[in-house]
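The values are calculated or read from the model by the stated rules, or taken from the named source; none is laboratory data. Just so it is clear, the model here is predicted, and its values are computed rather than measured. Don't worry about glycine lacking a Cβ; one is built from the backbone with ideal geometry, like all the others, and counts go over all protein chains shown.
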Protein chains: 2
Amino acid sequence: MDIRTRLISTAEQLFDRHGFTATGMDRLTQAAGISSRTLYKHVGSKNGLMAAVLNERDRRFHRRINADSVDALFGALETWFAEEGARGCLFLRAWGETGGSVPEIVEVMARHKERLRQRIDDIVVAEIGHRDDELTEAILLLFEGATHAATYRGGAAVEGARRAARRLIEGARTQGLSS
Amino acid sequence: MDIRTRLISTAEQLFDRHGFTATGMDRLTQAAGISSRTLYKHVGSKNGLMAAVLNERDRRFHRRINADSVDALFGALETWFAEEGARGCLFLRAWGETGGSVPEIVEVMARHKERLRQRIDDIVVAEIGHRDDELTEAILLLFEGATHAATYRGGAAVEGARRAARRLIEGARTQGLSS
DNA sequence: CTCAGTGTAAAACGATCACTTTACATGTAC
DNA sequence: GTACATGTAAAGTGATCGTTTTACACTGAG
């Protein structure tokens, strides 16, 4: 495996399991099996590594939740949690640990969340035939809530979110959401 | 003001704004205006301080969202964010930064989340006249989603959650949620 | 008067932090 | 065959980590 790939996926695991600040560079280089000199050649700094990890996670996450229905969306989220564990949104966590003061991290988080909104917007159109911002917002909030709650309640949270989302979709289909 | 109270509220602010691990004890003692010896007499360790902060926040939070309707619940959340800022659930953040390996923190978070569920359960009964676990779960997820999303989208997230919750309540009132 | 309790200031603890440097081994390309 | 890019190991940078210790001041109660 490519050195950079190995570094970033190792870092993602350690950051996710133990936190960003709590994970030192020594532990990182040791786990990835590379020298610290090589690490700094590749990512420049710890903040650079964090940003690189989040960028890669963004790509992987959106590839995995590439769904065209609410059921498929929450199904994909459930699979993600089953395979990767649920420890809260890694973007929010990075943002919180750095106090929102690292521009690279703020940027990648904004991009990630914007993509999520667009994906759900597309799903809403596929489900009810036209855009509906209020419905998109509701499903997005359920999605975020499930991500949040799965940390302490496990996969059941996703099932609850899916059911609520389906109900809102049905309501919008039969009478319009603004009735 | 009592020394312990001052210490804990100072620590809550610093932890919330800059992260738990990133906030050192020197910065803490300096901001609270006490010596490190006194700090350790009062809370024993940094983990002890974190747990004490979360306990106090739990008390304060539940006193503030003591509502008996969905509107009042989300109204209280919006006020909370306006006054204290929205930087994500401090319990989840503490849990994430410690990798879930500090028992005192795991406990206080579990208690906090359980209380939140009970509060919403009561609200559901007040709104539709009987318990409805699925509806409670849905509103809880919207509440968590709003907490989560307000970090990067501001108070508008709370308004979206309130609207979706009201819609689900109305649905449950007219036809029952299990229709 | 004294003693216990509670506070301060400041130094010291070894460990670890993010990061850099020095010195050396590769393989590949011109 | 020499120059360059890319890697390693390992020591060193000064700063900061959480925590403990030493030495001293103040206060209220017996």
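Here are a few things to note about the model shown:
- Verdict on B:Ser9 being exposed (fewer than 14 other Cβ atoms within 10 Å of the Cβ) and within 16 Å of DNA strand C (Cβ to nearest atom): no
- Within region A:19-49, considering residues that are buried (at least 19 other Cβ atoms within 10 Å of the Cβ) and more than 13 Å from DNA strand D (Cβ to nearest atom), the one farthest from the other protein chains (Cβ to nearest Cβ): A:Leu49
- Check on B:Glu137, within 30 Å of A:Leu14 (Cα to Cα), among the acidic types (Asp, Glu) and in a helix (DSSP H, G or I): no
- Boolean, B:Leu140 is at pLDDT 95 or above, buried (at least 23 other Cβ atoms within 10 Å of the Cβ) and among the aliphatic types (A, V, I, L, M): yes
- Subset of region A:140-179 that is assigned to a loop (DSSP other than H, G, I, E, B) and more than 19 Å from the chain's Cα centre (by Cα) - its residue that is nearest to the other protein chains (Cβ to nearest Cβ): A:Leu177
- Condition check for B:Arg87: within 14 Å of chain A (Cβ to nearest Cβ), surrounded by fewer than 22 Cβ atoms within 10 Å (Cβ to Cβ) and within 22 Å of B:Gly160 (Cα to Cα): yes
- Neighbours by Cβ (under 6 Å, 6+ apart or cross-chain): first from region A:19-43, outside any loop (DSSP other than H, G, I, E, B); second within 8 Å of DNA strand C (Cβ to nearest atom): A:Thr29/A:Ser36; A:Thr29/A:Leu39; A:Val43/A:Leu49
- Applying a threshold of 7 Å to beta carbon distances and a minimum spacing of six or more residues, or different chains, the list of pairs starting in region B:85-104 at a residue that is on the phi > 0 side of the Ramachandran plot and ending at one that is charged (D, E, K, R) and surrounded by fewer than 23 Cβ atoms within 10 Å (Cβ to Cβ) reads B:Gly99/A:Arg17.
- Number of residues in region B:117-164 that are charged (D, E, K, R) and out of contact with any Ser or Thr (no Cβ under 9 Å at 6 or more places or on another chain): the value is 9.
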